[in-house]
Amino acid sequence: ATMPPLLSAIANAGRHGVLVKSAVVMERLGQVDAVALDKTGTLTEGSPRVTDVRPLPGSGLDEDALLTLAAAAERPSEHPLARAVVEAARERGLDLPGAQDFTSAPGVGVTAVVGGRTVAVGAPARLADDTPGAVAELEESGRTAVLVVVDGTPAGLLGIADRLRPDAAATVTSLAALTGTAPVLLTGDNPRAAAHLAAEAGIDDVRAGLLPQDKLAAVQEMESAGRKVLVVGDGVNDAPALAAAHTGIAMGRAGSDLALETADAVIVRDELAAVPATIALSRRARGLVV
Ligand code: ADP
Ligand code: MG
């Protein structure tokens, strides 16, 4: 028997490093006419590095003590920023104490008790009413500023930098051409860092500071305006939007388990350019000219 076109397309997508979970998904991919992209881990490589460790005056902490507390609290988290913090502590040879009562809030950060102290690590605007002046300075240079709060008092800042994926700008251009609509960026990160990165990727429509339910609402709004939205994301914070979208694709290498399970397709090899390639395969299978 000859293989039905959608099944051949799934096999071809596999060769591009994309795991498409069903023939229905393969078909739906070719129908999308709008794309919403996540930032951290999707447009960026998702292997961010800590570039700045800044204890706040009066915290009584030096750089190593600040990083130790932050990394101990972040260790149970699978967020790319958490991995960067733990890696920075490891590079400095710091011993990490155990953490108790770990909690994480997608799009916000983590909390844990470390050596009897309650440590919160996450988005400055979500953890404190008054964010230190250095936050703006870090964010204007495109970095993500992460606040470390110890026993309720801001104790220091970490600056974290991530690189745009090498194929991000070309992918944005291809997706705009294929769908007839410029892709939008949906991110939980701060507006300054988001704008910086979006400009590099060639994206004009940027929505920043979003919680998971805000990403979901943005997608629902596009869908109710008649768009068939493709969401591409990697995080726990992307899961509601991935589930609600016409089609959802997760970045597989560093993606969270929840995103991989929720998405309709997974990019197994770490190439963003596989997204437009797979849309084109779907259209060809459905007999549409690309
Ligand atoms: P994106 O939507 O770009 O993938 P997220 O929603 O995952 O970003 O995160 C948004 C913001 O929430 C981050 O920029 C950071 O400030 C904060 N955040 C979330 N999780 C963590 C964490 N584990 N450690 C530190 N900060 C975090
Ligand atoms: Mg992400």
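What follows is calculated from the coordinates using simple rules that are stated; it is not laboratory data. Because the structure is a prediction, the values reported are computed rather than measured. Here Cβ is always computed from backbone atoms with ideal geometry, including for glycine, and neighbour counts include all displayed protein chains.
See the values below:
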| read-out | value |
| --- | --- |
| Max mean-square fluctuation residue, GNM over the chain, Cα-Cα springs under 10 Å, options 91, 200, 78 | 91 |
| Phi to ³J(HN,Hα) by Karplus 6.51 cos²θ - 1.76 cosθ + 1.60 over the range 140-145, Hz, x for Gly, Pro | 5, 8, x, 8, 8, 8 |
| Mean Cα-pair separation over length for the chain, i.e. relative contact order, pairs under 8 Å, 6 or more apart, % | 26 percent |
| ³J(HN,Hα), Karplus 6.51/-1.76/1.60, whole Hz, each residue of the range 238-248, x for Gly, Pro | 8, 4, x, 5, 4, 6, 7, 5, 3, 9, x |
| Distribution of pairwise C-alpha distances over the range 94-142, 10 Å bins, in % | 23, 41, 31, 5 |
| Helical mean residue ellipticity (222 nm; -39500 (n - 2.57) per DSSP H run of 4+; nearest 500) of the chain | -11000 deg cm²/dmol |
| Net charge over other residues, Cβ less than 14 angstrom from the Cβ of residue 209 (K, R count +1; D, E count -1) | +1 |
| Chain lengthening between residue 95 and residue 253 when straightened (0.36 nm per residue, less Cα-Cα) | 54.1 nm |
| Taking 251, 3, 222 and counting other C-beta atoms within 10 Å, the order from fewest to most | 3, 222, 251 |
| Cut-off 15 Å between beta-carbons: net charge of the residues surrounding residue 86, Lys and Arg +1, Asp and Glu -1 | -1 |
| Virtual spin-label span in nm between residue 11 and residue 270, 7 Å along Cα→Cβ | 3.0 nm |
| Efficiency of FRET from Cβ geometry, residue 221 and residue 261, R₀ 25 Å, rounded to 0.05 | 0.50 |
| Gained length - residue 49 relative to residue 31, 0.36 nm times residue gap less alpha-carbon distance | 2.8 nm |
| Additional length obtainable on full extension of the chain from residue 125 to residue 137, 0.36 nm per residue less Cα span | 2.9 nm |
| Centre separation in Å (Cα based) which lies between the range 135-181 and the range 6-29 | 31 Å |
